[in-house]
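This report concerns only the one structure given below.
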Amino acid sequence: MAVFATQEWLDEIAKLLNEDPAYAEGAKGWEGDFLYIIEPDELQPNPSYYYMDLYHGKCRKAVVLKDPSKVKAEFELSATYSVWKKILTGELDGMKAMITRKMKFKGAIAKVMKDTKSQQAYAKALAPLKTEYVK
Amino acid sequence: MWYFRNPLIVFGDDALEHLREIKGKRALIVTDAVLVKLGFVDKVARELKHAGIEHRVFSEVEPDPSVDTVRKGAQVALEYEPDWLIGLGGGSAMDAAKMIWMLYAQPDTEPYAIVPFQDYDARSKARMICIPTTAGTGSEVTWFMVVTDTVERRKIAVGTPEALPDIAILDFRLVGDMPKGLVADTGMDALTHCVEGFGSTWRTDFTNGPALMAMKLIFKYLKRSYDDASDKEAREHMLNASALASMAWSNGMAGLAHNMGHALGGFFHVTHGKSVGLYLPYNMQYLTEAGAEVFAEAARFIGLKGKTDLELTRGLVSGIKDMARHLGQPSSVKELNIDKAAYEKALPEMVARAIGEASTPTVLRVPDEKDMERMFLYAYEGKTIDF
Ligand SMILES: [Fe+2]
């Protein structure tokens with residue numbers, strides 16, 4: 001089991017997406033890249049970042065970043081480590097996290113909202129993913 | 001952390017007179033042509049005059065307002081520069097008014113891309129009053145809006161907490177003349193709101209109270225309100241119930257009947273209330289086992305009898321079906337005279353849209369595509385859900 005936001009964890013995500021024909025089909029209309037920001041808190045004292053490029057049903061890139069200023073992603077999601085953990089474990093609904101501004105979103109949301117198919121395919125493909133946390 | 005948001009509610013006798021108390025310079029009334037003709041706009045205008053507030057009327061809102069209408073209304077607001085917006089009418093007029101308000105503050109906003117986590121700073125320009133003239137949509141207490149994309153034949157529900165009206169005025173004199181058909185359609189919408197809000201996994205102590213009370217009032221007064229337009233007591237309580245029901249779902253979530261109803265309404269001309277009310281019993285049947293504990297509590301509260309939770313839940317479903325029948329509502333899609341071939345042609349897209357709505361993952365039993373498709377098909381034929 002890989003630890004959240006490590007390269008090993010991202011490699012597993014890329015593998016799950018790229019080996020899933022249902023994802024390839026469901027997300028074929030999607031192109032867009034994301035910068036994920038993990039803000040520091042009591043669980044993890046330093047900020048960390050990762051980047052994912054999703055393109056026509058494939059994950060072209062999923063990497064940990066040292067310096068986020070090196071990429072210019074179309075979308076940006078940021079939250080504290082604890083909030084990410086709560087969302088990924090299902091303890092907190094992602095939508096509620098955004099409404100209460102515990103998670104912040106940057107980018108043209110309309111594009112994401114229009115392509116519910118690719119989001120569903122993404123969630124399904126990553127359902128088997130098991131994640132460990134620092135604490 | 002979560003919220004319970006609600007406007008100031010003014011209700012009861014002469015509630016409209018509260019308009020005399022508001023402070024401001026200019027109000028833009030967003031409404032439809034029928035309400036202008038019925039003299040409702042004049043009633044509002046008279047009260048505004050008392051308050052020394054000038055007004056202008058944008059009365060071009062059509063049923064199921066389009067993106068173009070919203071943009072047009074926003075243009076009027078930008079020219080007139082009101083410090084109050086007043087949404088007067090049913091769900092369409094109030095939803096359009098709320099969207100116009102957001103676009104007035106941020107003219108570059110796409111109506112279908114209004115989201116809860118962006119700042120619109122709407123109150124820097126104006127505040128909002130909603131005055132319902134139907135007892136059903138409850139849009140006057142919510143921050144949600146439905147806009148129709150006429151090109152893609154799609155109804156899109158959007159929302160931001162900023163679009164919560166400041167004041168909701170529930171004056172039952174305005175619903176006294178509602179024709180029977182409208183009482184039925186909007187009443188079924190209200191019933192769907194409280195049942196779905198109560199049965200959502202996003203339910204809270206704060207939403208459960210209004211949901212239960214709304215259900216009790218609707219079961220007591222909706223048939224009366226439908227049968228006899230002069231039954232003022234019934235009409236007044238239905239107007240209150242409509243607001244309570246919407247407090248429940250909008251501070252939690254709606255459910256599958258709304259998702260399926262929106263999908264149907266995008267492709268075929270069926271009113272919102274009729275379509276969501278039609279799917280509600282089928283969804284309830286689908287949720288019966290998973291939701292028995294929850295729905296049994298509601299059934300008990302409205303006075304139904306039963307030995308087990310399952311029995312009570314089934315009783316609630318029969319009660320809803322009986323209500324729909326009494327109100328002359330269709331019990332299957334077939335009864336709406338929708339051609340089966342056309343329905344089946346739209347089916348894959350309707351299923352995808354219904355599954356894709358935000359509330360699908362928040363119901364007590366989450367359907368996959370296959371179950372959703374079967375629900376659409378069973379509802380077409382009027383078959384009881386057995387899976
Ligand atoms: Fe509704």
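Computed from the coordinates by the stated procedures, all read-outs in this text should not be read as laboratory data. Predicted, not measured: the structure shown is a model, and the values here were computed from it. All Cβ positions, even for glycine, are placed from backbone atoms using ideal geometry, and neighbour counts span all protein chains on display.
Taking all Cα pairs closer than 8 Å and separated by 6 or more residues, the relative contact order of region B:8-175 comes to 27 percent. From the Cα gyration tensor of chain A, with a ≥ b ≥ c the square roots of its eigenvalues, which class applies: rounded if a/c is under 1.5, or else prolate if a/b is larger than b/c, or else oblate? Here chain A falls in the rounded category.
Mark the label point 7 Å from the Cα of B:GLU369 along Cα→Cβ and return the residues of region B:242-265 whose backbone N is within less than 15 Å of it. Inside the label zone: nothing.
Per DSSP helix of 4 or more residues, -39500 (n - 2.57); summed, then divided by the residues of chain A. What does that give at 222 nm, rounded to the nearest 500?
Working: 6 runs with 48 residues, N = 135.
Taken over chain A, the calculation gives -9500 deg cm²/dmol.
Summary of the geometry: region B:63-87 and region B:99-147, compared by the centres of their Cα atoms, lie 10 Å apart. The mean of 1/r over all distinct Cα pairs in the protein assembly as shown, once inverted, gives the Kirkwood hydrodynamic radius of 24.1 Å.
Comparing B:SER250, B:THR288, B:VAL67 along the charge dipole axis of chain B, the residue lying farthest to the positive side is B:THR288, per the Cβ-charge model. Structural descriptor for chain A: relative contact order 32 percent, calculated from alpha carbon pairs under 8 angstrom and at least 6 residues apart.
Between amide H atoms placed 1.01 Å from N, distances below 5 Å from B:ARG127 occur with B:TRP84, B:LEU85, all of them 5 or more places distant or on a separate chain.
Net charge dipole, the protein assembly as shown: roughly 180 debye, given to the nearest 20, about the Cα centre with Cβ charges of +1 for Lys and Arg and -1 for Asp and Glu.
If you sort the three axes of the alpha carbon gyration tensor as a ≥ b ≥ c, you get a/c of 1.5 or more for region B:180-381 and a/b no higher than b/c, which makes it oblate. Remark: region B:360-375, residue by residue, has Karplus-estimated 3J(HN,Hα) of 3, x, 9, 8, 5, 9, 8, x, 8, 4, 4, 5, 4, 4, 5, 4 Hz, where x stands for each Gly or Pro and the curve is 6.51 cos²θ - 1.76 cosθ + 1.60 at θ = phi - 60°.
What order do you get for A:GLU8, B:GLU357 when you list them from fewest to most C-beta neighbours inside 10 Å? Working shown, then result.
Numbers: A:GLU8 10, B:GLU357 21.
So the residues, fewest neighbours to most, are A:GLU8, B:GLU357.
Working note: 222 nm ellipticity from helices only, DSSP H runs with n ≥ 4, each -39,500 (n - 2.57), summed and divided by the residues of chain B, gives -17000 deg cm²/dmol to the nearest 500. Which residues does a label at B:LYS37 reach in region B:92-136, if reach means a backbone N under 19 Å from a point 7 Å past the Cα toward the Cβ? Taking a point 7 Å out along Cα→Cβ of B:LYS37, the residues of region B:92-136 whose backbone N falls under 19 Å are B:92-94, B:133-134.
Taking the Cβ of B:GLY266 as the centre, find all other residues whose Cβ is under 11 Å away and add up their charges (Lys, Arg: +1; Asp, Glu: -1).
Summing Lys/Arg as +1 and Asp/Glu as -1 gives 0.
Quote the relative contact order of chain B in percent (integer), defining contacts as alpha-carbon pairs under 8 Å separated by 6+ residues.
Working: 800 pairs, mean separation 55.5, N = 387.
The value is 14 percent.
When a/c reaches 1.5 or more, the comparison of a/b and b/c decides; with that in mind, is region B:8-175 rounded, prolate or oblate per its Cα gyration tensor? The shape class here is prolate. Working ranking of peptides B:239-249, B:149-159, B:28-38 by packing, defined as the average number of other Cβ atoms within 10 Å per residue, highest first, is B:239-249, B:28-38, B:149-159.
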